[in-house]
Amino acid sequence: MLEVIKPGVSSTIQDLGRFNAAQYGLSQGGPADLHAFCWGNFLLGNPTNAAQIEITNGGFQALSHCEGFIAVTGAAVTLTINGVPLPTWSAHKVKIGDQLKLSHAKQGNFAYLAVSGGFDTPRYLDSRATVSRNRAGGVNGDGASLNIGDKLRWDQVVTHIRPPLSRFQIPDYLAPLTLRLVPGYQFEDFAPDAIKQLLHELYYLSPKSNRMGYTLQGEPIATPQLGIISEGIALGSVQVPPSGQPIILLNDRQSIGGYPKLGTICKIDLPRLAQYRFGQPVRFSLISRQMAAAKLLKFHQFFNL
C-alpha cells in the first residue's frame, strides 16, 4: 500500500484509458504522455495497462507500507527515497516505511509513478482512468484527484525488472517540436492561404490549455464559412474555432464538437506535446495516413499495446 503524504498540484490514477466510452458521452482519459507511461510499466515488467499515478508538475510525496519496485518517468523531477537522490527512468526497490519524494518539474508537465503490479483502484467501464469532469476513476471511483491520506493498494507483483534507460533514450522536453498532421476530410475546406500559413508560421502554447485540449496562439487561421454538424472527436484532432487559434484535443476532450477540423496529429507526437509548457513554440508539417499508421504500429509493437 502507498499512502499519499503530499499530492502536489494534481495527481490522478491513470491506465491506458476508457475506450469505447464516447458513445456514452464520456471522455477517454488515460496518460497525457503515453510514451512515458509505457516506459514506466516496461521497466517494471508490468502489464501495459497497469495503473500509475500521473503527477502534474511534481511536488508529490508518499509513504510505502509494503515492499516492491517503483519507477518514475516523464517530466524532469528529482526522485528521492528517504532523502537519497535516485535516477528516474529506472526501477528502484522500496521497503516498508520508505518515504518517496518528487521535486517540482524542471522540464515537462507530467511525471508518472509506476509500481510493480500496478495500482488496484475501482474500475468503471473496464478502466481505472481518472476523468474528473465525468466523475470516473480515482481511489473511490468518483473522479477525484488524490488527496492527503489516500491509501493506494498495489499488487507488488514482480515479473521482470529491466535495466534503466540510457540518457540518449530519455526525451528532451525542451527540444523543438514539429507536429505532424494527418489531413482530415475537412482539410480541403480551408483556403490554400490558410494551409500555407499553418505550415509556415510558428505557434505557441497558450495558458488556456489542459488535459481536454492544448490551445495554440499565433496568426489566426481563417476558417471555412460553412458550418458543420457536431460530430465525434478523435484524439489529437486539430479544430479551429472562430478565433482562428488551433486547439488540439487530448485525453479528456469532449466526445463531440462542431468546429471545423484540419485533421489529427500523429499519435506518437502527442506525448511530446503534452510535456510542452506555456510559451514554447511548435510547427506543423503534413504526414500521410499510411506513414502515421506505420509509426504508430511500430510504437504499439514495441510496448505490446
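Bear in mind these aren't lab numbers, they're just calculated from the coordinates by the rules spelled out. All values derive from a computational prediction rather than experimental measurement. Cβ atoms come from the backbone with ideal geometry, glycine included; neighbour counts cover every protein chain shown.
For the chain, modelled as a GNM whose springs connect Cα atoms under 10 angstrom apart, the maximal fluctuation among 148, 161, 229 occurs at 229. A Cβ-based charge dipole, computed about the Cα centre of the chain with Lys and Arg at +1 and Asp and Glu at -1, lands at about 360 debye. If you take all other residues with their beta carbon under 10 Å from the beta carbon of residue 78, and give Lys and Arg +1 and Asp and Glu -1, the sum is +2.
Here the Karplus curve 6.51 cos²θ - 1.76 cosθ + 1.60, taken at θ = phi - 60°, turns the phi angles of segment 116-121 into couplings of 4, x, x, 7, 9, 10 Hz, with x standing for Gly and Pro. Kirkwood radius and radius of gyration were both taken over the C-alpha atoms of segment 177-303, and their ratio Rg/Rh is 0.94. Backbone N atoms of segment 211-237 closer than 19 Å to the 7 Å Cα→Cβ label point of residue 295 belong to residues 214, 234-237.
The smallest convex shape that holds all Cα atoms of the chain, its convex hull, gives 120 Å³ per residue. Fully extending the segment from residue 96 to residue 206 would add 35.3 nm, taking 0.36 nm per residue of separation and subtracting the current Cα-Cα distance.
Against the empirical curve 2.2 N^0.38 Å, the C-alpha radius of gyration of segment 2-154 lands at a ratio of 0.95. Computed over the chain with a Gaussian network model linking Cα atoms closer than 10 Å, the most mobile of 30, 257, 118 is 257.
Between the helical axis of 34-44 and the longest alpha-carbon principal axis of the chain there is an angle of about 20 degrees. If the chain linking residue 9 and residue 167 were pulled fully straight, counting 0.36 nm for each residue of separation and taking away their Cα-Cα distance, it would gain 54.1 nm. On the beta carbon distance between residue 49 and residue 106, with R0 = 45 Å, the FRET formula returns roughly 0.95.
Here the gap between residue 86 and residue 219, fully extended at 0.36 nm per residue and compared with their Cα-Cα distance, gives a gain of 43.5 nm. Backbone geometry of segment 72-77 corresponds, through the Karplus equation with coefficients 6.51, -1.76 and 1.60 at θ = phi - 60°, to 3J(HN,Hα) couplings of 10, 10, x, 3, 6, 10 Hz, x marking Gly and Pro.
All C-alpha pair distances within segment 157-235, sorted into 5 Å bins from zero, spread as 3, 9, 14, 18, 18, 12, 8, 7, 5, 4, 3, 1 percent across the bins. Against the main long axis of the alpha-carbon atoms of the chain, helix 289-303 sits at an angle near 0°. Each stretch of four or more DSSP H residues adds -39500 (n - 2.57); spread over every residue of the chain, this sum gives -4000 deg cm²/dmol at 222 nm. The loop-placed chymotrypsin sites (Phe, Trp or Tyr not before Pro) in segment 185-236, going by DSSP, that have at most 12 neighbouring Cβ atoms within 10 Å of their Cβ come out as 185. Distance between the modelled labels on residue 157 and residue 66, one decimal in nanometres: 1.2 nm (7 Å Cα→Cβ projection). Roughly speaking, what % of Cα-Cα pairs in segment 193-256 are separated by over 18 Å, rounded to a whole number? Percentage above 18 Å: 37.
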